[in-house]
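The values are calculated or read from the model by the stated rules, or taken from the named source; none is laboratory data. Quick caveat, the model's predicted, so the values are computed rather than measured. Glycine gets a Cβ as well: all are built from the backbone with ideal geometry, and neighbour counts include every protein chain shown.
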Amino acid sequence: MLTLYGDYLLNREAEIGIGSVIKLLNNFGLSEQAIRSAVSRMCRAGLLKARRVGQKSYYSLTEDGHSLLTEGARRIFQRKNSNWEGTWNIVTYSIPEQRRQARDRLRLELNWMGYGTLSEAARISPYDLTKEVEDLVERLKIKDYVQIFQAKNQGFTDAKKIVSLGWDLSRIHEKYASFIEKYQPKLEDHLRRLRAGEAIEPSFFPGLSMVS
């Protein structure tokens, strides 16, 4: 769902009717109930806002939703400096239960930024994302409950061990392997057709004909 809004609506300041969302995502095997539930969750999370016109509902990105997807696009398309000097960016927090929604949102967005789990209330990244975290904390109005550190590990374990604790590498590997296994044949067939000068039918890309 977020991919849909990120690809087609992020830079257009546009909205999309729930009927169109359902029609499009039905092509990917999602039921109407599942789609409506996902949209409702995104609204409750503050990522989407609704506008009703008669019996129809239209949804667009909120400021927070726009920020989240902009950060996602930056992470995907902007290359990071690979010369790591051993400094970790660490975020710790102690947020009261009455601010539970903000706490859950903080965890969600830190995960989205690529932070690993160092402990229940501590997240870690090899990249200096201080500015991004400061902007997030400011939006959520939780500055009194969050701390950010730049630190080097002084013991008693090495970087590889920290990475294995912070990120489920086996699960990440499985997801990448599954993605490659599913889409590699389609990519190769696509490239073969292009090299042969063959037309690519819209049905080759499920759902593409639904978007205009």
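For a quick check of your reading: which strands (runs of 3 or more DSSP E) sit entirely within the range 89-176 and have at least 1 residues that are in contact with an Asp or Glu (Cβ under 8 Å, 6 or more places away or on another chain) and at pLDDT 95 or above?
Correct list: 146-152.
Filter the range 28-55 down to the residues that are of a type in the set (A, V, I, L, M, F, W, C) and part of a helix (DSSP H, G or I) and list them by number.
Answer for the range 28-55, where residues must be of a type in the set (A, V, I, L, M, F, W, C) and part of a helix (DSSP H, G or I): Phe28, Ala34, Ile35, Ala38, Val39, Met42, Cys43.
Across the range 81-119, what is the total count of residues that are among the charged types (D, E, K, R) and surrounded by 11 or more Cβ atoms within 10 Å (Cβ to Cβ)?
Selection size over the range 81-119: 6.
How do the pairs read when you match residues in the range 122-134 that are surrounded by 19 or more Cβ atoms within 10 Å (Cβ to Cβ) with residues anywhere that are assigned to a helix (DSSP H, G or I), using Cβ under 6 Å and keeping only pairs 6 or more apart or on different chains?
Partner pairs satisfying both residue conditions: Arg123/Leu110; Ile124/Gly166; Leu129/Met113.
Restricting the range 56-80 to residues that are outside any helix (DSSP H, G or I) and in contact (Cβ under 8 Å) with a residue 12 or more places away in the chain, which is farthest from the chain's Cα centre (by Cα)?
Lys56
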